[in-house]
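These notes are about the structure you will find just below.
The values are calculated or read from the model by the stated rules, or taken from the named source; none is laboratory data. Since we're looking at a predicted model, the values are computed, not measured. Positions of Cβ are backbone-derived with ideal geometry, glycine not excepted, and every protein chain shown enters the neighbour counts. When the accessible area is computed, the model is the full protein with side chains, heavy atoms only, and any ligands, DNA or RNA have been set aside. Shrake-Rupley method; radii C 1.70, N 1.55, O 1.52, S 1.80 Å.
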Amino acid sequence: MARRPLPRILTSGSDRIARSREIARTAADSATDVLHPLITITRGLRRLAATARAKWAATPKERRGPTLFLVAACVLVVALVPYGPLLALVGVMGAAAWKGRERPVVKTGPDEAELARLQGLYEALVPYFSVPDDPAPLFAHGGEWSSAFGDHTFDDDGRLTRLRIKYPAYFTDGEAASRARIEQLLHAKSGRGREYRFDWDEEGNQLVMTVLAPLPTAIAAQRFVTAPGETVLGFTDADTVQRTVPVVTAEGEEDAPAVVWRTGPRSTEPHLLVVGQPGSGVSSLLRSIALQALPHGDVLIVEGAGTGEYACLAGRAGVLAVECGLSGALASLEWAAQETERRLIAANRARQAGLPAPEDTKRPLWLLLDRPSVLTHLAAADDRTDPQTLLQVPLRHGRAAQVTVVVAEQFDSVDAVGEAVRSHTRARVVLGPASPAQTASVLGTEPHTTPTPDVPPGRGYQGHGGQELTR
């Protein structure tokens, strides 16, 4: 049986209907734009009438007569005044336009999705912040989250960016394992892929969770405005440090909060240890330190890997040598140890004679060693002196002799770092992705933030002798 074709009105009617709907929608939008002032005034008149009706209903009956007489007298006066009705009409229209304007909706609290997120986070914390013997638990299944949460802030995607949590006094907040469980739970429930900071107030039994903004990445290597003996290691959050450094970015000049490392006789941590993964920016940091040290001192570079990362510095004024082989490294480090002793002896003799220290003992000397564990392995294979043993004199007496030692190593070879280097390099930097245990093994304490899954080169933590870290 042959299939009959559909009528023409059914095949082409859908296009006509869609075109008619589009024309009607366009006409309605145009009419709304043209009649917008009239709509606004009409809405205002309706609101003014509602306000007047409410005022009249709230007026006592014994006062309605005098009020009506006063209104009639005002209307009569306006009618008798020249141009009075016109001015009254303009005033009423202006009041109606002001009353009928569209006001933006101001959000005064969390919406339903945010309330559900807060309640779910509260329920997730119940097993950690409650015990069966508590007569009045702050955290209980089916409880109210508002009693434990405060200062909650959400972003445009509805995820938490700040939250203050009040927890019971019996929670073991003094134990690192207990705090780590809470931080891991909050990190998972609040959204991964962001960096969080947790501030524990053990005295007030409160925890503040804050989402940190990404650190600046548009600051290139340049000549930073610092005093002699100051080296910029990187840039951090504005509320972490109290000093800013003028820098040049793609958008122009600005002041950025810098992490400044101080060296010299008055420095508390005169030597530095940098540890990171391959490709995390360790060599770039050493090159930056060398460029900042050259205007005020001399630089000796020993590269154990021999990849040519510091070939760009060879031959520059102030660069004493760039050694990549074992023999050259041993000769350079032996000279550095003898130079440190010479400076100490010269300064001591001048002090005993009542004279100022010689000028050649005041110029800073920087020893930069990138991956010395490779040279240590080669020296052990050839039965020669370990290059790291030659660093004992510069490390012990470098503060008085204006000698600064910077050692860079990778995580897979950090065990090969000598005891002298570990003992005297208390200023430390960890770059690239690293677990909390790895960070704690180098810096002496666990990181105070939760790093993101993808850590760009140059990102990490800096600390002094196991004190509070700076990201």
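Quick one: count up the residues across region 349-370 that are assigned to a helix (DSSP H, G or I) and surrounded by 13 or more Cβ atoms within 10 Å (Cβ to Cβ). Break it down into steps so the answer makes sense when it comes.
Within region 349-370, the subset assigned to a helix (DSSP H, G or I) is 349-352, 359-361.
Pick out the ones that are also surrounded by 13 or more Cβ atoms within 10 Å (Cβ to Cβ) and you get 350, 361.
Matching residues across region 349-370 total 2.
Based on this model, can you work out whether Arg47 counts as touching a Gly at 6+ places or on another chain (Cβ under 9 Å), surrounded by 10 or more Cβ atoms within 10 Å (Cβ to Cβ), at pLDDT 75 or above and under 30 Å from Arg101 (Cβ atoms)? Yes, satisfied.
If only one of Gly460, Gly444, Gly465 is small (Gly, Ala, Ser) and at pLDDT below 85, which one is it?
Working: Gly460 fails: at pLDDT below 85; Gly444 fails: at pLDDT below 85.
Among Gly460, Gly444, Gly465, only Gly465 is small (Gly, Ala, Ser) and at pLDDT below 85.
The numbered conditions (1) within 27 Å of Leu365 (Cβ to Cβ); (2) of a type outside the set (A, V, I, L, M); (3) in contact with a strand residue (DSSP E or B) (Cβ under 6 Å, 6 or more places away or on another chain); (4) at pLDDT 90 or above are all true for Gly234 except (4). Please specify each residue of region 254-264 satisfying the condition of being among the β-branched types (Val, Ile, Thr) and part of a loop (DSSP other than H, G, I, E, B). Selection gives Thr263 alone.
Looking only at region 308-320, count how many residues are in a loop (DSSP other than H, G, I, E, B) and either surrounded by 19 or more Cβ atoms within 10 Å (Cβ to Cβ) or touching a residue at least 24 places away in the same chain (Cβ under 8 Å) (or both). Walk me through it before giving the result.
Of region 308-320, the ones in a loop (DSSP other than H, G, I, E, B) are 308-310, 314-318.
Add one more test, that the residue is either surrounded by 19 or more Cβ atoms within 10 Å (Cβ to Cβ) or touching a residue at least 24 places away in the same chain (Cβ under 8 Å) (or both), and what stays is 309-310, 318.
Matching residues across region 308-320 total 3.
Here Ser267 clears all of (1) surrounded by fewer than 20 Cβ atoms within 10 Å (Cβ to Cβ); (2) of a type outside the set (Phe, Trp, Tyr); (3) part of a loop (DSSP other than H, G, I, E, B); (4) out of contact with any helix residue (DSSP H, G or I) (no Cβ under 7 Å at 6 or more places or on another chain) except the condition numbered (4).
Would you pick out the residues in region 241-253 that are open to solvent by 50 Å² or more (accessible area, probe 1.4 Å), in a loop (DSSP other than H, G, I, E, B) and within 24 Å of Gly264 (Cα to Cα)? Within region 241-253, Gln242, Arg243 meet the criteria. Looking across region 333-344, the residues that are closer than 13 Å to Gly398 by Cα and free of Cβ contacts under 8 Å to residues at least 40 places away in the same chain come down to Gln338, Arg342.
As a summary of the residue check, Val430 satisfies the conditions (1) at pLDDT below 90; (2) touching a Gly at 6+ places or on another chain (Cβ under 8 Å) except for the one numbered (1). Flag set for Leu186, criterion: more than 25 Å from Ala427 (Cα to Cα) and either within 17 Å of the chain's Cα centre (by Cα) or touching a residue at least 24 places away in the same chain (Cβ under 8 Å) (or both). Here is the figure for region 209-232: residues that are outside any loop (DSSP other than H, G, I, E, B) and open to solvent by 30 Å² or more (accessible area, probe 1.4 Å) total 2. Per the listing Gly328, Gly304, the residue uniquely touching a Lys or Arg at 6+ places or on another chain (Cβ under 7 Å) and either at pLDDT 95 or above or within 18 Å of Arg384 (Cα to Cα) (or both) is Gly304.
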